[in-house]
Amino acid sequence: MASTDEEEFDMDDEVLPKKKKNGNDEAVPKKKKKRLEEEDGEINDEDYDDDVPLKQLKKKKKNKEKDSKKRKPDKVVSGPVKKKKKTEDVKPDKPKSDDTAMKKTAVKALKKLDKAERLQYAMQSFLWWDSVEPPEGCQWRTMEHSGVSFPEEYVPHGIKMKYDGKDVDLTPVQEEAATFFAAMDPEGMHLGDPKTAKIFIKNYFADFLEVLGKKHVIKDFKKCDFEPIRRHLNEQKIIKKAITDEQRKANKDDRNQVMFRFGYAIVDGHIEKVGNYNMEPPGTFRGRGEHPKMGKLKQRVAPEQVSLNLSQCAAVPRCSVPGHAWGDIKHDPRGQWLATWKENINNQSKYMQLAAQSSFKGKSDRSKYNKAALLCSNIEKIRKSYKKDLKSKDQETKQLATAVWVIDRLALRVGGEKDTDEEADTVGCCSLRVEHLEFDPNGEGGENREIKLEFLGKDSMLYKQTIDFGAAMYNENNGMGEQVYENFKSFCKKKKPDQEVFDSINPTLLNQHLKTFMDGLSAKVFRTYNASKTLQDELRKHEAGSQWKNLTATEKVVEYNNANREVAILCNHQRSVSKAQETALEAIGSKLATLKKQKKELKQMLKKLNSGDSSGLPVRKSFEEMTEDVQKAIEKAKKMKEAAKTNEEKIAATQADEKAKQKKRDLADKKFQKAHLWEKVPTKDQLVKRIEAWTAKINKMEMDLKHKDDNKEVSLGTSKINYMDPRISVAFCKRNEVPIEKIFSKTLRDKFNWAMAVQPNWEFNEKVALEG
DNA sequence: GTGCCGACTTAGCATGACGAGC
DNA sequence: GCTCGTCATGCTAAGTCGGCAC
């Protein structure tokens, strides 16, 4: 919070934890820090000492500021600096201490901002890359926060499910468990697929029976009817849709109140955003793919199961659940986590951590990308080594070399061992089985060097690619593709389909091997390195094109997205196509067909007109009457919505609204079918112009459709968030005058704030690591 | 040497917010 | 001003990896 003074930033008490560790309501160290913060701005690590009186601290702080002003010239281009003011990043100009008028203006501007914006401003002011690092091995010196926000207790709705056609009485706990199932979409990814539905129902029902108890009448899932509850939940959704703007605003305010209380932490005197401050609510476990535990009941987590991590001097936050207390309080500055608990499905630890835009995550990110950049100077050494080892007579060495080749060239994950009774059967490089490889998949015989790799990777995403190990791209510059093919063949020889291809190695061994080349090198660094390198190379390739300078910023963004797509394909980042997306694509396709038909008709009309015959040319009727009808339906629904008081009235209003909207859509469709025509016979000139307009429309729609179709199964976001060094993108934007907003959303600009100051000619290479 | 586990990163899906187009 | 489609964000599952105990 550099430069935040009392007038600039007034953080309410509710943001801060209120209780001390021993449970009383005093918060002496916090108050002292807060006052200092309000009066002098940020408190740096070395400033804060619980045993030093406040006045001394303030004096120390002022002296330090004087010194730093003497030392530090304004940074302009070297090193990260604050972002320029943009319309959406509303923040006042930073006041200069020697200019009272300017300061007053800035303070006035600040007061116009709402609380969330002021907090955002305070966070943006902290340039962690310019601050002093905590002692080695520590992530922080002081940390305080408000703990975890728990979901509200279950409120029974009283709707009875049926068993064997009859209503069943359930206790609130049992009703809650029944409601979890009723909330599942019968057509969704879990219940929509017969394979997963079987697992889901089996697990759910076993847990449900346990909640019901042995004496309960419910014994057979087939006789269970959750439909009444499902109908009730759908009605609730409809009612929710019908809320007024005022209610919507009130709901948002309520959410903001929770965010102000739990969503911020103070780390080493700076405000930081907390990521997942809402405790996961109970429900059904929604594991992906064919997870053997999907459908099991995820229990409600009690405060007693939660451990908090904060500094010794910090006040322990009051637990928000009446009558409950935190399980444990820890003071471990080596960890980034703020709270931890265990979930009951896989007995795994879960954590509450700072948000992606925090200093913790920023430091981790920067260090990750610097490590990947350092690989630039080591990659040749590593490649040379594995190329030599590919022919080794020692099986372990040969397998290590082959696995590293695969990780380097095909960007596979390392693939740790998994227990398929506990988790979905997914694999990576080291856990590949013979059944995942198909040699010569097209039965070409002879010199064919193709292998079809087909397996489920992380999140049960299908990896299905036929790799031609004989292709030039894997063999030029001594790429050794053919040797890798031979190795695969020998590793699979005499093995059963369910046996591992790389039976002599494992991820630990592979990572140990990688560390002999470079400190801190592990398999996943290759994915970051290859993603960043691919992005940079692709962008440079486009920029070297002769037409590049003539492109508009929008066209350059398209090229950037194309490069991004190359990376996403390399890393196999997929997304499933939803039914809504499929329908939308079909709709565009059908619209395109209509436009083409209309263009053909227009051409025929022109031909006829040119021949001097204007008889029988098609015209369209007025849509006035239908438009009026639709307007009436919309107004009626609007009035019903405004007048609705009871739930029944709200449901009726929403239904009327949906009917009116459907009428409107039908009318729009009818209008579209006749959009190329006039109400009276057109002139030749009108026809020529419309044919031109339709040609342009068709071209645009064709491009749009192609773009959507190309991208429908590729997820560009994952590589942008996790793999491509953001400095490559920032430098690209700077040297091409492309606004960074076109590439990075607000969240990403905050996450990568440390990368925003790079020069236009910045390069992803080994020198990066030396920059710090 | 090996297996386990804690701590963190990476990932896709659901939903809500927003803005382009009418 | 409204609608609809797209994009951003939140949520939480599912990976990786290092350290520790045996």
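Readers should treat all values here as calculations from the given coordinates under stated rules, not as data from a laboratory. The structure displayed is predicted, hence computed values, not measured ones. Every residue, glycine among them, receives a Cβ derived from its backbone with ideal geometry; neighbour counts consider all protein chains shown.
Give, in whole angstrom and from largest to smallest, the semi-axes √(5λ) of the equivalent ellipsoid of the stretch A:225-306, with λ running over the eigenvalues of the Cα gyration tensor.
Sorted largest first and rounded, they come to 30, 25, 11 Å.
What order do you get for A:VAL427, A:VAL267 when you list them from fewest to most C-beta neighbours inside 10 Å?
Arranged by neighbour count, lowest to highest, A:VAL427, A:VAL267 become A:VAL427, A:VAL267.
If you take every residue apart from A:ILE199 with its C-beta less than 9 Å away from the C-beta of A:ILE199, what net charge results, scoring Lys and Arg +1 and Asp and Glu -1?
Net of charged neighbours comes to +3.
Using amide H atoms built in the peptide plane, which far-off residues or other-chain residues are under 5 Å from A:ALA339 H to H?
Correct list: A:ASN309, A:MET352.
State, to one decimal in nm, how far the label point of A:HIS216 lies from the label point of A:GLU741, with both points 7 Å from Cα in the Cβ direction.
Rounded to a tenth, the inter-label distance reads 5.4 nm.
For the modelled label position 7 Å from the Cα of A:ALA325 along Cα-to-Cβ, which residues of the stretch A:280-310 have backbone nitrogen atoms closer than 15 Å?
A:303-308
For A:LEU585 and A:GLU246, compute 0.36 nm times the residue count separating them, minus their Cα-Cα distance, and round to one decimal in nm.
Residue separation times 0.36 nm, minus the Cα-Cα distance, leaves 118.4 nm.
So how strong a dipole does the stretch A:134-354 carry about its Cα centre when Lys and Arg Cβ are +1 and Asp and Glu Cβ are -1, to the nearest 20 debye?
On the way: 34 positive and 30 negative charges, 110 e Å.
That gives the stretch A:134-354 a dipole magnitude of about 520 debye.
Amide H of A:CYS429 versus every other amide H placed in the peptide plane: which residues, excluding those fewer than 5 positions away on the same chain, fall under 5 Å?
Counting only residues 5 or more places away or on other chains, the set is A:ARG413, A:VAL414, A:GLY415.
Note the full-extension length gain between A:LYS549 and A:GLU136 as 0.36 nm times their separation in residues minus their Cα-Cα distance, in nm to one decimal.
Numbers: separation 413, 0.36 × 413 = 148.68 nm, distance 4.78 nm.
Length gained, A:LYS549 through A:GLU136: 143.9 nm.
When only alpha-carbon atoms are used, what values of Rg and Dmax, in angstrom, describe the stretch A:146-208?
In Å, with Rg to one decimal and Dmax whole: 14.4, 48.
What's the exposure ranking of A:MET102, A:MET294, going from fewest to most Cβ atoms within 10 Å?
So the residues, fewest neighbours to most, are A:MET102, A:MET294.
On full extension of the chain, what length is gained from A:GLU713 through A:ASP185, given 0.36 nm per residue of separation minus the C-alpha to C-alpha distance?
187.9 nm is the gain from fully extending A:GLU713 to A:ASP185.
Residue by residue through the stretch A:688-699, what is 3J(HN,Hα) from phi via Karplus (6.51 cos²θ - 1.76 cosθ + 1.60, θ = phi - 60°)? Round to whole Hz and write x for glycine and proline.
After applying 6.51 cos²θ - 1.76 cosθ + 1.60, I find 4, 5, 5, 4, 4, 4, 5, 4, 5, 4, 5, 4 Hz.
How far apart, in nanometres, would the label points at A:GLU117 and A:GLU766 be if each is projected 7 angstrom from Cα along the Cα-to-Cβ direction?
It works out to 4.9 nm between the two label points.
Based on Cα positions only, what radius of gyration and what Dmax would you give for the stretch A:319-445, in angstroms?
22.1, 73
Starting from the 7 Å offset along Cα-to-Cβ, what nm value, one decimal, do you get for the label separation of A:THR171 and A:GLU304?
Simple spin-label model gives 1.7 nm for this pair.
FRET efficiency for A:LYS495 and A:ARG334, Cβ-Cβ distance as r, R0 = 51 Å, nearest 0.05?
Taking R0 as 51 Å, the efficiency between A:LYS495 and A:ARG334 is 0.70.
Return A:TRP405, A:TRP128 ranked ascending by Cβ neighbour count within 10 Å, so the fewest neighbours appear first. Could the numbers behind the result be given before it?
Numbers: A:TRP405 23, A:TRP128 20.
Exposure proxy ranking, most exposed first: A:TRP128, A:TRP405.
Kirkwood Rh, the stretch A:164-241, all Cα pairs: how many Å?
Mean inverse Cα-Cα distance, inverted, gives 13.4 Å.
Compute, for the stretch A:526-569, the length of the dipole vector about the Cα centre, with Cβ point charges of +1 (Lys, Arg) and -1 (Asp, Glu) only. Units Debye, rounded to 20.
So the magnitude is around 100 debye.
Report the net charge of residues surrounding A:ARG334, where surrounding means a beta-carbon distance below 15 angstrom and charges are Lys +1, Arg +1, Asp -1, Glu -1.
-1
Of A:PRO228, A:GLY263, A:THR284, which is farthest on the positive side of the dipole of the stretch A:203-296, counting Cα position, with +1 on Lys and Arg Cβ, -1 on Asp and Glu Cβ, and the Cα centre as origin?
Going by the charge dipole, the pick is A:PRO228.
May I ask you to derive the FRET efficiency for A:LYS689 and A:LEU233 from their Cβ-Cβ distance with R0 = 45 Å, giving the value to the nearest 0.05?
0.25
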